[in-house]
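Trainee: Before anything else, here's the structure in question.
The values are calculated or read from the model by the stated rules, or taken from the named source; none is laboratory data. In this text the structure is predicted, and so the values were computed from the model without any measurement. Counting neighbours? That spans all protein chains shown, and the Cβs are built from the backbone with ideal geometry, glycine included. Surface accessibility is based on the protein's heavy atoms, side chains included, excluding ligands, DNA and RNA. Shrake-Rupley method; radii C 1.70, N 1.55, O 1.52, S 1.80 Å.
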Amino acid sequence: YVAAVYEHESILSPNPTALVDRQSALELMGRNLDVYEQQVVAAARQGAQIIVFPEDGIHGFNFTRSSIYPYLDFVLHSQSVKWNPCREPYLFSDTEVLQRLSCMALKNKIFLVANLGTKQPCEHTDPHCPSDGRYQFNTNVAFNDDGMLVATYRKHNLYFEYAFDTPPEPDYKLFDTPFAGKFGMFTCFDILFFEPAVNLIRQYNLKQVVYPTAWMNQLPLLSAVEFQQAFATAFNINILAANIHHPTLGMTGSGIYTPVKSFIYHNMEGYGGKLIVAEIPVVTTDNKTNLEKTPGRVSEKGNEQLPPVFYAEMMYDNFTFVPVWGEKGELQVCANSLCCYLNYRRAALTDELYALGVFDGLHTVHGTYYVQACALVKCGGLSFSTCGQEVTHATALIDFQLWGNMSTPYIFPLLLTSGITLDFADHMGWKNHHYFISKNRTSFGLLTAALYGRWYERD
């Protein structure tokens, strides 16, 4: 099928904490919706059957609970009411944004997914009801090609979003399409957690996911395109990911991902939006990973000088590292219950320092979640203290096999190359209670090769 995602440089309120009236809010959002409309037309012309827009694309961000209120549409989060906002605008008030989105879908005969702020009054008898008598949600909406509202999803894992409420229960939302079957839906930070993202995919055996996001890139392990691809690979699904475009805030990175191919956009230099349209196969059955020979064990040679172990901060976590020196070698490094192993060979020696790092513990900055990671990274300079820094360019071409005795089945294989480009592993999977990833010669200089494990039970 043909899919489209749009990375949108949203027109932002100059002062998001100021209180404005509904009319002013609608004017600002209208300017963003004008851009959406042009992109829907362009995507439909290229044969797209579905288009996905980013999180916060219509209203922006950095609001307070009261300053966002005029920007919120009313939406019923009930599956029982069938409603076409374009054809039946009079059914509910404060639905101008939904009406415009619905009409875009209808006019262009395209499925459309967008993110907006929504409100829902609640009774004080409801124990979860906020003191101001209303819920405010960060919401994805999906319309079919007739403009019908077919799904609404309320973001569960909020990322410092004080204007919004967490829904009382996680939403498991899907919608059906004639061209690719069922699509699941979640938002941004949700991708790092079991609920609802992983549970949704497992419970409904989903093969397609739409994913609006407003993601701030964090190298070396959590750049948007890097993690989006790893997620598609780990679950053997297609992901349509639309990010917002604000390079000054570190926000870029959208794509259409299949388990074996990606169509991505990552641009920290230029301004303006970007439409990605790609034809991708409908993922059906699970392709089993073809496993190669068992990873070798690191030899216990008594007389060899083992490389020094050192510690450095990476992604705000205290990683244990060993340097990756010389043209080839076998290394191991351990922390807590996790041991990571690396066999490597460089195509040619370059004056770049690489290191193999391990972390097995609770990550506590910008969210709390348990990580098990084995990571081969390029360091920022030649001293150990630069390992873990954000690096975007590398020249070393490396053959490697990386494996670890991970305690969780949820492993996201990361493979990022110079210029924030993506590569695909030759082989990956479980062998003898270890998860491994291997690659003969990356196409560009290696930035990161990692196994990023999420141990959800330990969150």
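Trainee: Where Lys and Arg each count +1 and Asp and Glu each count -1, what net charge lies around ALA114 among other residues with Cβ under 13 Å from its Cβ?
Mentor: -3
Trainee: What accessible area per residue comes out for the stretch 196-290, rounded to a whole number of Å², with a 1.4 Å probe?
Mentor: It amounts to 35 Å² per residue over the stretch 196-290.
Trainee: Accessible area of the stretch 83-237 with a 1.4 Å probe: how many percent of it is carbon plus sulfur?
Mentor: 52
Trainee: Right, another one. So for the pair ASN405, TYR316, with labels modelled 7 Å out along Cα→Cβ, what separation do we get in nm?
Mentor: For the pair ASN405/TYR316, the computed spacing is 3.1 nm.
Trainee: Count the DSSP beta bridges whose two residues both fall in the stretch 2-279, then state the antiparallel fraction as a percent rounded to the nearest 5. Walk me through the numbers on the way to the answer.
Mentor: Working: 35 of 52 bridges.
Percentage antiparallel, nearest 5: 65.
Trainee: I need the phi-derived Karplus couplings for the stretch 9-26: 6.51 cos²θ - 1.76 cosθ + 1.60, θ = phi - 60°, integer Hz, Gly and Pro marked x.
Mentor: In residue order, the calculated couplings are 8, 6, 7, 9, 5, x, 9, x, 8, 6, 8, 10, 8, 4, 4, 5, 4, 5 Hz.
Trainee: Can you tell me, using C-alpha contacts under 8 Å and at least 6 residues apart, the relative contact order of the chain as a whole percent?
Mentor: Computed over the chain, the figure is 12 percent.
Trainee: Next question. Suppose we keep just the DSSP beta bridges with both residues in the stretch 1-139; what percent of those would be antiparallel, to 5?
Mentor: So the antiparallel bridges amount to about 45 percent of the total.
Trainee: Starting from the Cα of LYS173, draw a straight line to each of the aspartates and glutamates and keep only those under 15 Å, dropping any in the same chain fewer than 8 residues away.
Mentor: Cross-link targets: ASP190, GLU195.
Trainee: A further question follows. With θ set to phi - 60°, apply the Karplus curve 6.51 cos²θ - 1.76 cosθ + 1.60 along the stretch 412-426 and write out the HN-Hα couplings as whole Hz, x wherever there is a Gly or Pro.
Mentor: 9, x, 9, 8, 10, 10, 3, x, 6, 10, 10, 10, 10, 5, 6
Trainee: As a quick test, which of the pairs LYS207/LYS261; LYS107/LYS155; LYS119/LYS155; LYS378/LYS431 have an alpha carbon distance above 19 angstrom in this structure?
Mentor: LYS107/LYS155; LYS378/LYS431
Trainee: Also, quick follow-up: For the stretch 83-241, what does the alpha-carbon gyration tensor say about shape, rounded, prolate or oblate, given a ≥ b ≥ c as the root eigenvalues, a/c under 1.5 as rounded, and a/b over b/c as prolate? Write down the numbers at each step before the final one.
Mentor: On the way: a/c = 1.82, a/b = 1.16, b/c = 1.57.
Oblate, because a/c is 1.5 or more while a/b does not exceed b/c.
Trainee: Then there's this: For the chain, what does the helix formula give at 222 nm: sum of -39500 (n - 2.57) over DSSP H segments with n ≥ 4, over the residue count, nearest 500 deg cm²/dmol? Could you put the intermediate results ahead of the total?
Mentor: On the way: 4 runs with 55 residues, N = 459.
Dividing the helical sum by the residues of the chain leaves -4000 deg cm²/dmol.
Trainee: For HIS393, what residues show an amide H to amide H distance below 5 Å, using hydrogens built from the backbone and excluding near sequence neighbours?
Mentor: Under 5 Å from the amide H of HIS393: GLY419.
Trainee: Given Cα pairs under 8 Å that are at least 6 residues apart, what percent is the relative contact order of the stretch 310-458?
Mentor: Averaging sequence separation for qualifying contacts and normalising by length gives 24 percent for the stretch 310-458.
Trainee: Report the Cys residues of the chain lacking a disulfide-compatible partner, meaning no second Cys Cβ under 4.7 Å from their Cβ.
Mentor: CYS188
Trainee: Turning to a different aspect of this structure: Counting Lys and Arg as +1 and Asp and Glu as -1, each charge on the Cβ, what is the dipole of the chain about the Cα centre in debye, to the nearest 20?
Mentor: Computed about the Cα centre, the dipole is about 1000 debye.
Trainee: Something else: When the Karplus curve 6.51 cos²θ - 1.76 cosθ + 1.60 is applied with θ = phi - 60°, which whole-Hz ³J(HN,Hα) does each residue of the stretch 87-101 get, with x for Gly and Pro?
Mentor: 7, 10, x, 7, 5, 9, 8, 6, 10, 4, 5, 4, 4, 5, 5
Trainee: If you count, for each residue, the other Cβ atoms within 10 Å and average over each peptide, how do 402-413, 236-247 line up from highest to lowest?
Mentor: By packing density, highest mean first, the sequence is 236-247, 402-413.
Trainee: Quick check: at a probe of 1.4 Å, how many percent of the accessible area of the stretch 310-458 sits on carbon and sulfur atoms?
Mentor: Whole-percent figure for carbon plus sulfur exposure: 50.
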